[in-house]
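Written below as structure tokens is the structure these notes are about.
The values are calculated or read from the model by the stated rules, or taken from the named source; none is laboratory data. This is a predicted model, so every value here is computed, not measured. Here the Cβ positions follow ideal geometry from the backbone for every residue, glycine too, while neighbour counts run over all protein chains shown. The protein model used for the area step is the full one, side chains on, heavy atoms only, and it has no ligands, DNA or RNA in it. Shrake-Rupley method; radii C 1.70, N 1.55, O 1.52, S 1.80 Å.
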Amino acid sequence: MGLESAVQGLLVAVLVGLLIAKLRAPKLKLPPGTVALPIVGNWLQVGDDLNHRNLAEMSKKYGDVFMLKMGQRNLVMVSSPEAAKEVLHTQGTEFGSRERNVVYDILIGNGQDMVFAVYEEDWRKMRRIMTVPFFTSKVVQQSRGTWEDDALRVVEELRTRPEASTTGVVIRNRLNSMMYNSIYRLMFDRRFENEEDPLFLRLKALNGGRSRLAQKGVPGGPGPAPGGLQRTLRGRTQETVRDDGTKPDGEKAAIYLILEAQRKGEISEDNLLYIVENINVAAIETMLWSIEGGVAELVNNPDIQTRVSEELDHTLGKGNLITELDTYNPKHWDQPGRFMPERFSGNNIEVSGGDFRFLPFGSGRRSCRSIIIAMPLLTIVLSRLVQSMGQLSPPGMKKVDVAEKGGQFSRHIATRSTMVCKPIA
Ligand code: HEM
């Protein structure tokens with residue numbers, strides 16, 4: 001028998017085996033779903049990034065609760081507010097831990113970080129330790145001046161680049177360094193001198209490597225193999241902590257408090273390193289991609305850009321750049337001390353996790369506490385861009401390509417487009 005017939009025979013035997021196993025398996029009452037192929041399941045239909053638009057289309061066909069088979073794993077998709085509430089709130093304890101795969105296990109040491117920690121005591125400790133340096137209104141008060149300065153620097157620099165108002169610039173690169181600066185100030189009390197700062201370049205490489213590993217399971221492009229890459233990532237994170245965490249002027253930075261918790265034995269050194277890794281991804285990528293998505297939508301919807309600009313001029317007075325205080329200013333909002341996000345839309349949409357129709361920061365036990373810093377920071381950057389420059393697509397292009405692709409924790413625009421930034425007098 002030739003090698004080819006042997007392989008065919010083996011394949012048939014495996015398929016027959018799988019079929020018998022399936023027929024013998026106890027009949028579970030599972031949610032409906034599309035037909036799954038043996039071995040790969042629905043992988044070919046949905047791809048590896050579970051695009052939410054495809055999933056929304058499938059939910060129209062199969063209902064609010066449906067099932068996908070990813071390889072041999074069953075994945076239940078939930079897409080109605082009622083079902084989301086059931087999962088995230090009512091049964092929140094049951095669903096309090098996140099699914100991990102082998103790549104994430106490598107990246108975060110089997111869940112020793114905060115994002116993938118099992119929903120138990122270690123996670124509670126990490127969440128508590130992170131609250132003081134990141135997720136309180138005091139942090140907003142202490143940081144607002146630097147956020148405003150950072151946003152001003154971006155605007156001023158873009159305004160003076162000659163190509164910005166002619167052929168256009170890739171705005172993401174500049175926003176990226178701004179976001180690193182904003183988050184690294186909170187974390188390490190450190191600011192990068194410029195985009196060529198060696199530590200900034202190392203961190204970008206580190207995060208790029210981690211991103212490729214998380215999305216593809218391999219470190220795409222030239223570079224070390226996954227094991228080697230993981231060691232490099234870990235080594236560099238360790239260096240970063242040593243570089244910055246022990247600086248005497250860094251006492252108020254998050255790293256100081258996290259180190260303090262480690263010294264008291266509340267968390268391990270591994271926990272500490274993986275928390276730093278979490279911040280690199282959960283804090284920087286999410287913020288950057290939100291702003292970039294916002295700018296792209298403004299370019300593609302010039303009427304909305306005009307309305308935003310007019311509203312800012314009308315509310316703040318022409319020429320007055322927005323500050324953090326303007327996002328809760330008693331002059332402009334009814335009961336500013338009360339959390340009433342529906343005021344932003346007049347549509348009763350609440351973004352902090354209480355309205356299960358719209359959960360940008362998640363909801364329940366594992367929700368994102370960063371909403372307290374993310375909303376003002378995003379508002380400042382986007383509003384200042386609109387106040388200072390018209391954002392336009394580059395000559396000859398009608399629209400910016402906003403097609404998305406999956407990231408580690410959130411989706412982002414796949415292609416780096418150029419945009420023309422016409423300074424407003
Ligand atoms: C626009 C910005 C951001 C968005 C849209 C966002 C969104 C989210 C979402 C949807 C989750 C999962 C929530 C759930 O499972 O219910 C999450 C978790 C998390 N986010 Fe964010 N996030 C943003 C910025 C940040 C920032 C700036 C930080 C840190 C300073 C951060 C830290 C975290 C952490 C630590 C978790 C895991 C929480 C846990 O498991 O207990 N995020 N984020």
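General observations
- Test set (1) at pLDDT 60 or above; (2) away from the ligand (no atom under 13 Å from the Cβ); (3) in a helix (DSSP H, G or I) - THR240 fails condition number: (1)
- When residues of segment 265-277 are limited to those that are farther than 21 Å from LEU201 by Cβ and of a type outside the set (A, V, I, L, M), the one nearest to the ligand (Cβ to nearest atom): TYR274
- Any chance ARG153 is within 12 Å of the ligand (Cβ to nearest atom), without any contact (Cβ under 8 Å) to a residue 60 or more places away in the chain and in the same structural domain as PHE200 (by TED's automatic domain parsing): no
- Failed item, numbered, when ARG161 is tested on (1) away from the ligand (no atom under 14 Å from the Cβ); (2) under 18 Å from ILE380 (Cβ atoms); (3) out of contact with any Asp or Glu (no Cβ under 9 Å at 6 or more places or on another chain): (2)
- Selection of segment 52-109 for residues being free of Cβ contacts under 8 Å to residues at least 60 places away in the same chain, open to solvent by 60 Å² or more (accessible area, probe 1.4 Å), more than 24 Å from GLU120 (Cα to Cα) and in a helix (DSSP H, G or I) yields ARG53, ASN54, GLU57, LYS60, LYS61.
- The listed residue being modelled with pLDDT under 90, within 15 Å of the ligand (Cβ to nearest atom) and of a type in the set (Asp, Glu), out of GLU120, GLU99: GLU99
The rows are residues; the columns are (1) surrounded by fewer than 19 Cβ atoms within 10 Å (Cβ to Cβ); (2) farther than 23 Å from GLU148 by Cβ; (3) modelled with pLDDT of 85 or more.
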site: ILE291; (1), (2), (3): no, no, yes
site: LEU298; (1), (2), (3): no, no, yes
site: ASN301; (1), (2), (3): yes, yes, yes
site: HIS332; (1), (2), (3): yes, no, no
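- Residue within segment 62-78 that is over 20 Å from the mean Cα position of the chain (by Cα) and within 14 Å of the ligand (Cβ to nearest atom) present: yes
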